[in-house]
Amino acid sequence: QVQLVESGGGLVQAGGSLRLSCAASGRTFSNYAMGWFRQAPGKEREFVAVITQSGYGTYYADSVKGRFTISRDNAKNTVYLQMNSLEPEDTAVYYCAADRQYGAVVGGSVGAWGQGTQVTVSS
């Protein structure tokens, strides 16, 4: 199974930006649809964004649409999440996810998860 390691989280003021990265290893990265999820304290993990294997297709949760951008570099085995106009409500642990099936990523029933990276947005 593919292994995933996130990085790039931190503390940022409201209105600021962060870019998360997720490095994959262990399998052919370009065979996997990739996604980002997040889990805030006391809440269930929720879908944020997904990108197809080729990188040409993306889909976002309504709560982040227009502010977040998911992208991937198959040569570097890395997927990114550019987060702009951050709000305190975006505070959560962000997880990278991978699966050969795009629908599995959207549904959260994936074969591989990263360990998570904390994003904290102060008001």
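The values are calculated or read from the model by the stated rules, or taken from the named source; none is laboratory data. Quick caveat, the model's predicted, so the values are computed rather than measured. With ideal geometry, Cβ positions are generated from the backbone for all residues, glycine too; neighbour counts draw on all protein chains shown. Each accessible area value is taken on the protein alone, full model and side chains, heavy atoms only, with ligands, DNA and RNA left out. Shrake-Rupley method; radii C 1.70, N 1.55, O 1.52, S 1.80 Å.
Observations on the structure shown:
- When only the Cβ of Lys, Arg, Asp and Glu is charged (+1, +1, -1, -1), the dipole of the chain relative to its Cα centre reaches about 300 debye.
- Pairwise FRET efficiency - Ala75 versus Gln13, Cβ, R0 = 25 Å, nearest 0.05: 0.15
- Measuring nothing but how far apart in sequence close Cα pairs (under 8 Å, 6+ apart) lie, relative to its length, the chain scores a relative contact order of 36 percent.
- Cα-based values for region 1-112, radius of gyration first and Dmax second, are 13.1, 37 Å.
- Ordering of 60-71, 45-56, 24-35 by burial proxy (mean other Cβ atoms within 10 Å per residue, highest first): 24-35, 45-56, 60-71
- FRET efficiency, 1/(1 + (r/R0)^6) with R0 35 Å, evaluated for Ser122 and Asn31 via beta carbons: 0.35
- Potential extension, Ala61-Ala40 segment - 0.36 nm per residue separation minus Cα distance: 6.0 nm
- Between Ala104, Ala75, Ala23, the GNM of the chain built on Cα springs shorter than 10 angstrom shows Ala75 fluctuating the most.
- Accessible area per residue, Å², region 6-123 with all protein chains present, probe 1.4 Å: 48 Å²
- Apportionment of accessible area to carbon and sulfur, the chain, percent (1.4 Å): 46 percent
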